[in-house]
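The values are calculated or read from the model by the stated rules, or taken from the named source; none is laboratory data. Model, not experiment: these values are computed from the prediction. Cβ sites come from the backbone with ideal geometry, for glycine too, and all protein chains shown count toward neighbours. Accessible surface is based on the protein model in full, side chains and every heavy atom, while ligands, DNA and RNA are left aside. Shrake-Rupley method; radii C 1.70, N 1.55, O 1.52, S 1.80 Å.
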Amino acid sequence: MAWAAAAMSQSDSPRSLLERASEARSSYSFVGEFIYQYGGDIESMRIWRAANPETGIRERLESLSGESREILRDNETVTCILPSSESVMVDERRLQRPLDARLPGNPDALQPNYQLEVAGQGRVAGRPTTRLNIDARDDLRYGYRLWFDDETGLLLRAEVVSPLGEVLERVMVLSFELREQIDTDQLASQLPQAGYARMTTNSQSPDGVQSS
């Protein structure tokens, strides 16, 4: 796959940024590290992500802070390996992935309640980005700050903000390396699972970043 995508600029419309990001998330494979911050808690993760337009997305996430754990995702299931409890949890549902969870699916659905504004340029993980602000038109909804990679269109940083402008939740890529492909062994669990209890669920709780 060629990485020489046309760079974004401040003249890009909010719709074009969101549409390009939606297409990019199923087109690019990469390895990277990111943080997830919720309130006073911060978690760091390493991610291997393989994207194939025909077969979908596969991921392996490895915790870099707190208790050791590993998360495997494909189009149908999420598998969480927890060495501390010697258990494997398999959730038979499709969950949004952590770097996509704050990406709106339909720009038109935002218009009545939100104002969208391209807010200039920035850098995330050493890469040029374009920032999009999604501000609620009332005090009943949260707003969003989204940073898109200029080269690929991928979402590299997302913040959920309160009506007062306080950051409530943040996902941010710290390192980022595009790959032509990800080896299948890098997508398989690297943790021992012999003797672990295995549980399968089919819960219907809302998708979100916290699932990672």
For this session: Might you let me know whether segment 98-120 holds any residue that is modelled with pLDDT of 95 or more and in a loop (DSSP other than H, G, I, E, B)?
Result: no
Seminar exercise, completed: Listed by first then second residue, the pairs whose first member lies in segment 108-123 and is open to solvent by less than 90 Å² (accessible area, probe 1.4 Å), whose partner is of a type in the set (Gly, Ala, Ser) and not in a loop (DSSP other than H, G, I, E, B), with beta carbons under 6 Å and at least 6 positions apart or on separate chains, are TYR114/ALA136
For this session: Mind counting the residues in segment 13-34 that are over 16 Å from GLY56 (Cβ atoms) and of a type outside the set (Phe, Trp, Tyr)?
Result: 12
Exercise. Counting only residues that are aromatic (Phe, Trp, Tyr) and under 18 Å from GLN111 (Cα atoms), which one in segment 131-163 is surrounded by the fewest Cβ atoms within 10 Å (Cβ to Cβ)?
Worked result: TYR142
Exercise. Does segment 179-201 include one or more residues that are modelled with pLDDT of 90 or more, of a type outside the set (D, E, K, R), surrounded by 14 or more Cβ atoms within 10 Å (Cβ to Cβ) and part of a strand (DSSP E or B)?
Worked result: no
Exercise. With respect to the numbered conditions (1) buried (at least 20 other Cβ atoms within 10 Å of the Cβ); (2) modelled with pLDDT under 95; (3) not charged (D, E, K, R), which one is the sole condition not fulfilled by THR77?
Worked result: (1)
Exercise. What number of residues within segment 151-174 are closer than 16 Å to SER29 by Cα and of a type in the set (D, E, K, R)?
Worked result: 1
Exercise. Which one is most open to solvent (accessible area, probe 1.4 Å) among residues in segment 22-54 that are without any contact (Cβ under 8 Å) to a residue 12 or more places away in the chain and not in a strand (DSSP E or B)?
Worked result: GLU54
For this session: Take the residues in segment 169-178 that are open to solvent by less than 50 Å² (accessible area, probe 1.4 Å) and among the hydrophobic types (A, V, I, L, M, F, W, C), then tell me which one is farthest from GLY122 (Cα to Cα).
Result: LEU178
For this session: Of all residues in segment 121-166, count the ones that are outside any strand (DSSP E or B) and in contact with a helix residue (DSSP H, G or I) (Cβ under 8 Å, 6 or more places away or on another chain).
Result: 3
